[in-house]
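Read through the structure below, which is laid out as structure tokens, and then see the notes.
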Amino acid sequence: QRSNMVSVLTDCPHREKLGWLEQYHLNGPALRYEFDLTTLFAKTMGDMTDSQLASGLVPSIAPEYVQFGGETRNAFGDSPEWGSALVLVPWQQYLFSGDLALIRRYYDAMARYTAYLGSRAKDSIVDYGLGDWYDIGPRGPGESQLTPKALTATAIWYEDITVMAQAARLLDKTADAERYEALATTVARAFNARFLGEKGYATGSQTANAMPLVLGLVPADRRAGVVEALVADVRAKGITAGDVGYRYLLRALADAGRSDVVFTLNNQSDKPGYGFQLKRGATALTEAWDAGEGSSQNHFMLGQINEWFYHDLAGIQPDPARPGFQRTIIRPAVVDGLDWVKAWHDTPYGRVASSWRRDGTATSFEITVPGNTTALLWLPGASAGQEVGPGTHRLRR
């Protein structure tokens with residue numbers, strides 16, 4: 001992480017050294033738990049808008065030191081999962097800091113990019129780009145193999161639209177908000193008509209099922225079945241999701257209460273994953289899950305597991321209703337195979353800490369809430385959250 005955060009978020013510090021934008025939102029939460037990136041992300045948002053074209057297109061790298069595909073851009077120069085950082089980064093900054101500055105400053109640019117994707121849509125489906133880059137398929141890694149590019153591109157456009165609707169509400173742009181909300185409904189309907197089948201989405205790949213789960217696209221009566229299909233695929237194959245899909249895979253499983261599956265998935269070395277990279281001799285995160293020598297040996301794009309450590313194992317989560325950790329949701333996941341977890345995050349109000357330890361047949365929890373804030377505490381098995389104030393709280397279950 002440190003070697004890829006010098007002025008821009010590079011994918012690798014030794015080879016291309018380019019600011020590939022998908023990492024800004026896919027790795028953004030993982031990074032924000034460990035580093036104060038307020039000024040870096042403000043700077044890099046300037047890079048993105050400086051690179052934005054008159055059409056609204058945001059190139060996949062910023063600063064755009066090279067034009068992939070020339071003036072018209074090819075998939076490496078224009079992919080929705082990359083350019084959408086312009087929309088998603090300000091929203092993540094708001095959640096973690098409570099500061100609307102980036103949303104206010106770049107709202108028009110965000111709207112232009114969202115409209116650009118709409119101009120590329122046909123029947124409310126966007127179908128171009130790199131897709132789930134470096135997923136594990138029958139061929140060597142590269143452009144998406146297991147998941148239709150139309151699925152990831154349309155899903156990320158839908159995410160942009162929902163962020164724009166919320167941003168518009170925050171800025172009292174009621175007409176804009178209503179327009180985006182109506183558009184989101186239209187895109188969701190088209191997405192499900194195109195991709196939702198009897199056993200899940202599209203090809204049934206991990207990314208195909210995870211993205212709709214995380215983004216709220218799955219009809220309520222189908223969620224359990226899609227989660228079940230996702231869990232079954234993970235257990236059978238290990239990780240197959242690539243650069244774009246892996247964060248959504250982690251979030252889909254954890255949000256469904258299946259952090260046990262995330263733990264099992266990553267606490268092994270016989271199938272592709274972090275343990276497999278270590279087994280192959282890696283000393284830094286590698287570009288490909290199999291740590292193949294033909295890929296970068298110091299790469300940035302698969303580091304989203306850090307978000308799960310903080311957000312789920314320790315349970316430290318920003319509350320969208322009171323962002324910037326004015327209220328923290330603390331919802332730890334106690335999973336078999338771990339005896340204890342301890343983590344903290346330095347918020348704008350001070351340090352939030354969460355730890356738990358198995359103690360015989362019970363589990364002890366210790367939660368620290370900073371002054372002038374509250375926390376909504378959800379212990380495992382609880383049917384509702386418990387509001388707690390500043391100070392240190394010790395509980396057993």
State yes or no: is Gly137 open to solvent by less than 10 Å² (accessible area, probe 1.4 Å) and assigned to a loop (DSSP other than H, G, I, E, B)?
no
Val218 vs. criteria part of a loop (DSSP other than H, G, I, E, B), at pLDDT 95 or above and under 18 Å from the mean Cα position of the chain (by Cα):
yes
Arg73 passes all but one of (1) over 30 Å from Pro348 (Cβ atoms); (2) in contact with a Phe, Trp or Tyr (Cβ under 9 Å, 6 or more places away or on another chain); (3) of a type in the set (Lys, Arg); which number fails?
(2)
Can you confirm whether region 290-298 contains a residue that is buried (at least 19 other Cβ atoms within 10 Å of the Cβ) and in contact with a His (Cβ under 7 Å, 6 or more places away or on another chain)?
no
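Residues checked against (1) surrounded by 19 or more Cβ atoms within 10 Å (Cβ to Cβ); (2) touching a residue at least 40 places away in the same chain (Cβ under 8 Å):
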{"site": "Val58", "(1), (2)": "yes, yes"}
{"site": "Ala62", "(1), (2)": "yes, yes"}
{"site": "Thr72", "(1), (2)": "no, no"}
{"site": "Ser79", "(1), (2)": "yes, yes"}
{"site": "Gly83", "(1), (2)": "yes, yes"}
{"site": "Trp91", "(1), (2)": "yes, yes"}
{"site": "Tyr94", "(1), (2)": "yes, yes"}
{"site": "Gly98", "(1), (2)": "no, yes"}
{"site": "Tyr113", "(1), (2)": "yes, yes"}
Of the residues that make up region 144-164, is at least one in contact (Cβ under 8 Å) with a residue 12 or more places away in the chain, surrounded by fewer than 19 Cβ atoms within 10 Å (Cβ to Cβ) and in a helix (DSSP H, G or I)?
no
What are the pairs, 6+ residues apart or on separate chains, where a residue within region 268-292 that is more than 15 Å from Gly238 (Cβ to Cβ) and among the polar types (S, T, N, Q) has its Cβ under 6 Å from a residue that is in a helix (DSSP H, G or I) and open to solvent by less than 40 Å² (accessible area, probe 1.4 Å)?
Thr286/Gln277
Taking region 233-289 and keeping only residues that are open to solvent by 40 Å² or more (accessible area, probe 1.4 Å), of a type in the set (S, T, N, Q) and not in a loop (DSSP other than H, G, I, E, B), one is left with Thr264
May I ask you to verify whether Ala177 is surrounded by 21 or more Cβ atoms within 10 Å (Cβ to Cβ), touching a helix residue (DSSP H, G or I) at 6+ places or on another chain (Cβ under 6 Å) and among the small types (Gly, Ala, Ser)?
no
Region 191-215, subset assigned to a loop (DSSP other than H, G, I, E, B) and of a type outside the set (A, V, I, L, M), residue nearest to Pro29 (Cα to Cα):
Ser205
Scope region 281-334; condition hydroxyl-bearing (Ser, Thr, Tyr) and within 18 Å of the chain's Cα centre (by Cα); matching residues:
Tyr310
Using the structure shown, decide if Leu57 is modelled with pLDDT of 95 or more and within 19 Å of Gly303 (Cα to Cα).
no
Can you pull out the residues in region 351-388 that are at pLDDT below 95, assigned to a loop (DSSP other than H, G, I, E, B) and of a type outside the set (A, V, I, L, M, F, W, C)?
Gly360, Thr361, Pro380, Gly381, Ser383, Gly385
Report, by residue number, each residue of region 63-99 that is part of a loop (DSSP other than H, G, I, E, B), over 20 Å from the mean Cα position of the chain (by Cα) and not acidic (Asp, Glu).
Pro63, Tyr65, Val66, Gln67, Phe68, Gly69, Arg73, Asn74, Ala75, Phe76, Gly77
Looking only at residues that are touching a helix residue (DSSP H, G or I) at 6+ places or on another chain (Cβ under 6 Å) and among the hydrophobic types (A, V, I, L, M, F, W, C) in region 321-340, which one is least open to solvent (accessible area, probe 1.4 Å)?
Val335
Among the residues of region 4-11, are any at pLDDT 95 or above, crowded, with 18+ Cβ neighbours inside 10 Å and not in a loop (DSSP other than H, G, I, E, B)?
no
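The values are calculated or read from the model by the stated rules, or taken from the named source; none is laboratory data. Since we're looking at a predicted model, the values are computed, not measured. Heads up, the Cβs are rebuilt from the backbone with ideal geometry, glycines too, and the neighbour counts pull from every protein chain shown. Calculation scope for accessible area: heavy atoms of the full protein, side chains included, ligands and nucleic acids excluded. Shrake-Rupley method; radii C 1.70, N 1.55, O 1.52, S 1.80 Å.
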